[in-house]
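Throughout, read-outs are computed from the coordinates displayed, never taken from laboratory work. Quantities reported herein were computed from a predicted structural model and do not represent experimental measurements. In this analysis, Cβ positions are derived from the backbone assuming ideal geometry, glycine residues included, and neighbour counts consider all displayed protein chains.
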Amino acid sequence: MRFPTLIVPALALALAACGGNSEPQPTAADNGATAEATQQLDAKVAALSEGQRNGVFIRAIRDAGLPCQGVTASERSGDAQATWTATCTDGSKHIIAFTPDGMAKVTSMTRK
């Protein structure tokens, strides 16, 4: 009965030794697809009315665990695609950057 108990760890070690990095490496085509997805997402956010956009942004800010009672203004952050600045009612500002998969990364610009 010892035979099966020894085979499982040996197989695990053998697979680990030959595995390497199993994640696919991005290609030039992937980078083009990512840029295209970012452009499409940016266009969708820009097409929202200001009220809708501010609603999306307050949700992202709150989901990030940051305080914000309401978003009073939002604008694109420079030339960066899918990156916006949102201003809350208390004057705090947050940068919201969307990833190609639609996730929002929120960075607070307010000092504590």
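A few remarks follow.
- Virtual spin-label span in nm between Leu48 and Ala35, 7 Å along Cα→Cβ: 2.6
- Sequence of Asp90, Asp79 once ranked by neighbouring C-beta atoms within 10 Å, starting from the fewest: Asp79, Asp90
- Highest mean first, the peptides 97-104, 80-87, 52-59 sorted by other C-beta atoms within 10 Å per residue fall in the order 80-87, 52-59, 97-104.
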